[in-house]
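J.: I'd like to ask some things about the structure below.
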Amino acid sequence: MATGIIFDIKRFAIHDGPGIRTTVFLKGCPLECWWCHNPESREREPAVLDGKQVGREIAVPELIATLERDRPFHDESGGGVTFSGGEPLAQPEFLLAALAACGEGEFHRAVDSTGHAPADLLRRVAAETELFLYDLKLLDPERHLRYTGRELKPILSNLRLLAELDKPVEIRVPVIPGVNDDAANIEATGRFAAELENVTG
């Protein structure tokens, strides 16, 4: 039975995809963004921070039971479940199992991702996902490496891959003053997104 490590489940979420959603936050992220608003999500394993336990193990059946409680709100609003983090692709076995179970349960599935993962994994996840919320932070490779600790190239390659797979993608750009809010970055992001099919932002 697949299990994962999560640090939160947010019910009645309205900013993580269409409709009213249940957002599942997985622990673990390969990026080290200077502005990370969920620093407790970076390490995969549960930890104690400020005297509080952050992170717990959850099995797929328990997750589905939680989602079932929210189904009336999903159905009425056109919502569903969103897997976020951290980086949900950092727990591939659990994510794939959870997405498959959600598909069997006819939940609308979204994945909120940085796109930093092997391309073959992204293909497998895309087959079990109706929507990607794709975080695109910086279009300059050197600045991206400086502020996130990771290369930009695989992130852009994976975004192109999702477009080729005709998978709906919503690009999200966190606006960080002094980091990526300059005209050059905003224009570069717009130009890149405009080249891709089935991508909005």
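The values are calculated or read from the model by the stated rules, or taken from the named source; none is laboratory data. Only a predicted model underlies this, so the values are computations on that prediction, with no experimental measurement involved. Please note: Cβ atoms are built from the backbone with ideal geometry, for glycine as well, and neighbour counts cover all protein chains shown. What goes into the accessible areas is simple: the full protein's heavy atoms, side chains included, and nothing from ligands, DNA or RNA. Shrake-Rupley method; radii C 1.70, N 1.55, O 1.52, S 1.80 Å.
J.: Can you tell me the dipole magnitude for the chain around its Cα centre, using point charges on the Cβ only (Lys, Arg +1; Asp, Glu -1), in Debye to the nearest 20?
T.: That gives the chain a dipole magnitude of about 280 debye.
J.: Can you give me the orientation-averaged projected area of the convex hull built on the Cα atoms of the chain, in nm²?
T.: Approximately 11.2 nm², given one-decimal rounding.
J.: Which residues' amide hydrogens lie under 5 Å from the amide hydrogen of Val54, considering only partners 5 or more residues apart or on another chain, with H built in the peptide plane?
T.: Ala47, Val48, Leu49
J.: Using a 1.4 Å probe and ignoring any ligands, DNA or RNA, find the accessible area of Arg123 and quote it in Å² to the nearest 10.
T.: About 130 Å², rounded to the nearest 10.
J.: Which cross-chain or sequence-distant (5 or more) residues have an amide H under 5 Å from the amide H of Phe83, H modelled 1.01 Å from N in plane?
T.: When sequence neighbours closer than 5 places are left aside, the close amide H contacts are Val24, Ala110, Val111, Asp112.
J.: So what is the 222 nm mean residue ellipticity for the chain from helices alone, if each DSSP H run of at least 4 adds -39500 (n - 2.57) and you divide by all residues, rounding to the nearest 500 deg cm²/dmol?
T.: The helix contribution divided over the chain gives -11000 deg cm²/dmol.
J.: Can you find, among Leu131, Val199, Ile171, the residue sitting farthest towards the positive end of the charge dipole of the chain, where Lys and Arg contribute +1 and Asp and Glu -1 at Cβ?
T.: Positive-end residue among those listed: Ile171.
J.: To continue, here is another question. Quick check on region 125-201: what does the Kirkwood estimate of hydrodynamic radius come out to from the alpha carbon pairs, in Å?
T.: Value: 12.9 Å, from the Cα pair sum.
J.: Here is a follow-up. In whole angstrom, and with the biggest value first, how far do the Cα coordinates of region 11-127 range along each principal axis?
T.: 37, 37, 26
J.: Here's a follow-up. Quick one: if the Förster radius is 35 Å, what FRET efficiency do Arg11 and Ala184 give, using the C-beta to C-beta distance and rounding to 0.05?
T.: For Arg11 and Ala184, the calculated efficiency is 0.30.
J.: Turning to a different aspect of this structure: With every protein chain present, what is the per residue accessible area of region 1-94 (1.4 Å probe, Å²)?
T.: 51 Å²
J.: Report, to the nearest whole %, how much of the accessible area of region 24-147 belongs to carbon and sulfur atoms, 1.4 Å probe, protein only.
T.: Answer for region 24-147: carbon and sulfur cover 51 percent of the accessible area.
J.: Separate question: Below 12 angstrom from the Cβ of Leu121, what's the summed charge of the other residues (Lys, Arg +1; Asp, Glu -1)?
T.: Local net charge: -2.
J.: With a Förster radius of 22 Å, plug the Cβ-Cβ distance of Glu195 and Val175 into 1/(1 + (r/R0)^6) and report the FRET value to the nearest 0.05.
T.: Here the calculated transfer efficiency is 0.50.
J.: Which far-off residues, 5 or more places away or on another chain, put their amide H under 5 Å from the one on Glu170, with H placed in the peptide plane?
T.: Phe132, Leu133, Tyr134, Thr200
J.: Quick one: if you stick a label point 7 Å off each Cα along the C-beta vector at Phe73 and Asp50, how many nm between them?
T.: It is 2.4 nm.
J.: Go through region 136-141 residue by residue and turn each phi into a ³J(HN,Hα) via Karplus (6.51, -1.76, 1.60, θ = phi - 60°); whole Hz please, and just put x for glycine and proline.
T.: Using θ = phi - 60°, the values come out as 10, 9, 8, 9, 8, x Hz.
J.: Here is a further query. What list of ³J(HN,Hα) couplings, whole Hz, do you get for region 68-83 from phi and the Karplus terms 6.51, -1.76, 1.60, once you set θ to phi - 60° and write x for glycine and proline?
T.: Couplings: 4, 5, 9, 4, x, 6, 4, 5, 5, 9, x, x, x, 10, 10, 9 Hz.
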